[in-house]
1. Inspect the stretch A:294-305 for any residue being crowded, with 24+ Cβ neighbours inside 10 Å and of a type outside the set (A, V, I, L, M, F, W, C) and give the result as yes or no.
2. Being assigned to a strand (DSSP E or B) and either more than 30 Å from the chain's Cα centre (by Cα) or not β-branched (V, I, T) (or both) is the filter here, so list the residues in the stretch B:539-560 that pass it.
3. Among the residues of the stretch B:159-218, how many are closer than 16 Å to B:E108 by Cα and either within 14 Å of chain A (Cβ to nearest Cβ) or without any contact (Cβ under 8 Å) to a residue 12 or more places away in the chain (or both)?
4. Output the residue which, of all residues in the stretch B:529-538 that are over 26 Å from the mean Cα position of the chain (by Cα) and crowded, with 21+ Cβ neighbours inside 10 Å, is farthest from B:L323 (Cα to Cα).
5. Just checking, does the stretch B:23-31 include any residue being away from chain A (no Cβ under 12 Å), of a type in the set (A, V, I, L, M) and crowded, with 21+ Cβ neighbours inside 10 Å?
6. Determine which single condition B:A522 fails, assuming it passes every other condition in (1) of a type in the set (A, V, I, L, M); (2) at pLDDT 95 or above; (3) farther than 20 Å from B:G765 by Cα.
Amino acid sequence: MVNEVCFRTLHCDRPWRLETYQSEGGYEALKMILAEKTPQEDIIEMVKQSGLRGRGGAGFPTGLKWGFINRTAPGEKYVVVNSDEGEPGTFKDRDILRYNPHALIEGILICGYAIGAATGYNYIRGEFWEPYERFEEAVTEAREAGLLGDNILDSGFGFQIHTHLGSGAYICGEETALLESLEGKKGQPRFKPPFPAMFGLYGRPTVINNTETLASVPDIVRRGADWFREIGVPNSGGPKLFSVSGNVVRPGNYEVPMGIPFAELLEMAGGMREGKRCKAVIPGGSSVPVLPGEIMMDVTMDYESIEKVGSMLGSGAVIVMDDSNCMVKVLERIAYFYYEESCGQCTPCREGTGWMYRVIHRIENGTGRQEDLDLLDDVAKKIMGRTICALGDAAAMPVASFIQHFRDEFQYHIDHKKCMV
Amino acid sequence: MVTIEVDGQEITAVSGQMLIEATDAAGINVPRFCYHKHLTVVANCRMCLVEVEKAPKPLPACATPVSEGMKVFTRSPMAREAQKGTMEFLLINHPLDCPICDQGGECELQDVAMGYGSDVSRFSERKRVVRDEDIGTLIATDMTRCIHCTRCVRFGGEIAGLRELGATGRGEHMRIGVYIENSVVSELSGNVIDLCPVGALTAKPSRYQARAWEMAEYEGIAPHDGLGSNIHIHVRRNQIIRVVPRENEALNQTWISDRDRFGYQGLYSEDRLQQPMLRENGSLKVVDWQQALQATARLLKETLPQRIGALVSPSATLEEQFLTAQLIRGLGCQNIDHRLRQVDFRGDAADPRLPWLGQGVTDLAGNRATLLVGSWLRKDQPMLNHRVRQSVSEGGLVMAINPVAYAFNYDLEVDVVCAPSSMINELAGVAAALGADTLGITVVPDQAHQAIADALSAATQGTVLLGTVAIMHPDFSILRALAAGIAAKAGVSWGVVGSGSNDTGAWMVGAVPHRIAGGGTAEPGGMHFGAMLAEPRDLYFTVGFDPEMDTADPAATTAALGAAQLIGLGSYLTPWLEQHADILLPIGAFAETAGTLVNLEGTAQVFQGVTAPPGEARPGWKVLRVLGNLVDLPGFDQVDAAQVRDQALAACAGLAPDNTLGTSSDCAPLTAPGDWERIGGVPMYAVDGQVRRAKALQETPDAWGAVARLNTQAAAALGLEPNSAVRVTQGTGSAEFALRIDDRVPDGCVWLPIAVPGTQALGPGFGPITVNKV
């Protein structure tokens, strides 16, 4: 069960082409819906039954999200794709855009049909020039084939997709900051509620989903909710793309069933480089708590299992580190990232991220003080849960977890003014 | 209504209201920085975090709607811990040098830090330093102190309608600034000073002048427009240090215009008239009050009443206007007028009983359609314009017929820009489109006229407002009759928005030749301002204005007043007065006298004197009262301003604002297209002597200077180079002005306001002129 959904075309020559996608059953789901005039609520129900959860990191049930839209409300509704893949360690959406853009287009169309929208936007990370062009090509192909545009396949259903390239801000991956940015404003998260389902793009009801989430939808419709759900484990339906990086032999994207043991995933990636010990793993992108390698070896890759050991599945970015890594230095780099990427709106995040980075930087450079570890813990605690969006939490969680699991390394830095690695 | 429990206390709140609104109403203090009741909620400062039962995390009170039975704890350990955490973050990068900060002592951050801060900082890194930008002469910046609450940013977009300040950069690098280096030019910009919770934005003119605790705070009424914004005057040792808004939801809400905020500076100009002066052997000499008053009384008594002309400023207090009218009428003279900016008096017989705005101030915000005729409302009446802007954000339409494409801070649905001589035709076009009386003007309505007519008739509530340009127009009476007809036909209200702060009061107390106090008809009537100039009087008695600057036709005014005997009650000594006045009596200006101003909606607002007038100057009402005694008139025995006011208001009992217009007999337009037409008007920072002397305001881009504006084609037709000079000749007067190319000006027109330097020798604001290359 590898590369079954989002990467289904990957084994083909030129997998991004329309004919390749169609040869693998592509657009059949859309054609079926349009031919049978499937009721909207049936599609939403199907997505609910599939157990599909948001693949961007938060893991919110997708069908539920679609169900929040008031389909009978007059006026525009929108589908927005979050392809602003900025989470350090994550590179799965990039490859969907590059190798299977039509799955995403079909997913957008099905979503649009299900919620009664006629316009979709794909917000692509600013650095993704090649994926952007690939996706645009696919949009053109679909439009020329009559699969996109006005009156698709003579069904009376019309839908337009616009592609937007971001400008390099991590925060614009936060869904409401993305909407602000798409509207031409400064990318800053909105206070919620109201949620985008009520007040989204241009104040209209909006479904905003991650690229992988929407690209999974066609197969759910075509092969059934049960088929999809049964690939995974309870509460974690379907396969998931894991971006494995770090000190492994074959870093890359692996689409495998949810619930696969971490050890097995590591093996698929060729195991640890030079046979070294797996010291630590960040299992879901830089924003989630780090876990020591020995804990990870007993964990399966699904939402609940990882939560049980104190971390999160996040976006599925698995960063594997061997014992040549200094955890203080790793944390310094991560803290620097959040310091640079905080939007500056909320006080705790704006001020706290810089504070934490500076203290860690000091420890790394041999001028740390004994009280710094408690200070870091306390500052992280004061950011956690006190901000409008999750970036504050994302900045705080690594700090707290690195100190929790690798306190001795920090202590060594403070005591000996140098690294133990 | 819902009932919630806050800190064990049950309070009721409006359903859907934010928690902080409910706690504020109940007098429960929740600390905050970004929240302001007139701005959108952004919930970014995180200072107002409180504990709400069943919520796992502390919630911002400013963005949490109340719900029935909600239990809130603003001082629980969870809430305190969150509030203290935010305070620690706010302080780590904030300079802790309050002793040298201008905000020290009245700083929200300082105050809240007293309750939620710690006395020792755990932050030992370097603090952030932010480069300052020069954003003009009104607002001083010290951006290192900024705590990024974004109140100033939201104010720009939501209230001023001009996004001048913005947040650039992310995270710790986020800074508030103007992005492209230019000054902040909104006429409401000073409000960001009050909004700023720290010392990042402070008032430049009063910076480092006084500490908050050294100043006494007095209530006052702003005297520079027809709204009468409520203000607080901050005084130290008999000197006004600054002016800030005083909240009045019905008028100015929590804002004031820059003119009202910084106009006080004009009180401290060097040319204040401080001593009574009397002309002896051809030159003005300082004399004592007794001499001056006796000379004045003698002159008044000696002059044949019909040969006297009395002119009183529309911005003088109700008491001054009332006593002037009583004095002049007591002498047997009816020649009194306050309409100093008006040239067309043909409508006098049709004048309404008490002209006013036609609506309450707050009603302006509820209008679905507003037609501005000859009005740059944004600059003339900034706070009234704010209400109109509110109507636009609620979907109302605003249309204009103006001689210049004036810039507004909202979009105009229809903007008819035409030469002044065409304005009556344009307005008649709207009347024709509505089927209202066009007063004999033949016009075929075009698309714009129809659009205006449709919008007005479709509006459930609307208005037609005539501005200062219309008032100064040679065919004001026709514009007014057309406007009234349009309003009646479309079922909307109408009003005249003059530039004085007490126009309404002057009408009430009979400071017009054809009305006595209380609005009754004067029998016999006297001469209006225009007639007093056309048939010069022997003696002019003027109160509170500058004949060269505050009148519609400076050339005619100075000619008539200069040739006659002139008694001037005023606050400033100009070179012209020095040459031409015979007696000058120094009176206290704004805040130096008690008084009353009646605003455009008819609300009489009383204020007290808060500083002593300079030198020998005395409150105007006292001077007038003594004059009444000296000319042996009854009814001049008041002991304080309150008694004068009581008598004035008693005389007006039963007089209610009423715009009902009579029929004009003369409706023949006087304007005809000339080779070149002048577009007058009064720049916002030239409306009165005090504002013209307010240094900081005069250094802003809104100060006009000796400048004439022509459009590109007009300048080219005259062979004028950009930034060269032009000579403007009007009647017998002529003066040179710097040329500015401005394509908002229609062809064949020169935008050259009155009351700006160099225009003293010229004639009325509107009319034919000649323009030459220098």
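The values are calculated or read from the model by the stated rules, or taken from the named source; none is laboratory data. Here the structure is a predicted model, which means the values were calculated and not measured. For neighbour counting, all protein chains shown are included, and Cβ atoms are generated from backbone atoms with ideal geometry for every residue, glycine included.
1. Step one: list which residues in the stretch A:294-305 are crowded, with 24+ Cβ neighbours inside 10 Å, which gives A:296, A:301.
With of a type outside the set (A, V, I, L, M, F, W, C) added as a condition, the list becomes none.
The answer is no; no qualifying residue exists.
2. Selection gives B:L539, B:Y540, B:F541.
3. 2
4. Across the stretch B:529-538, the extreme among qualifying residues is B:L533.
5. Looking through the stretch B:23-31, at least one residue is away from chain A (no Cβ under 12 Å), of a type in the set (A, V, I, L, M) and crowded, with 21+ Cβ neighbours inside 10 Å.
6. With (1) of a type in the set (A, V, I, L, M); (2) at pLDDT 95 or above; (3) farther than 20 Å from B:G765 by Cα applied to B:A522, the lone miss is (2).
Residue-by-condition table, conditions (1) part of a helix (DSSP H, G or I); (2) of a type in the set (K, R); (3) at positive phi:
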| position | (1), (2), (3) |
| --- | --- |
| B:H232 | no, no, no |
| B:V243 | no, no, no |
| B:L251 | no, no, no |
| B:R259 | yes, yes, no |
| B:F262 | yes, no, no |
| B:G266 | yes, no, no |
| B:L293 | yes, no, no |
| B:L299 | yes, no, no |
| B:A310 | no, no, no |
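For every residue, the table says whether it meets (1) closer than 24 Å to A:R94 by Cβ; (2) free of Cβ contacts under 8 Å to residues at least 40 places away in the same chain.
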position: A:L178; (1), (2): yes, no
position: A:A197; (1), (2): no, no
position: A:T206; (1), (2): yes, no
position: A:I220; (1), (2): yes, no
position: A:V249; (1), (2): yes, yes
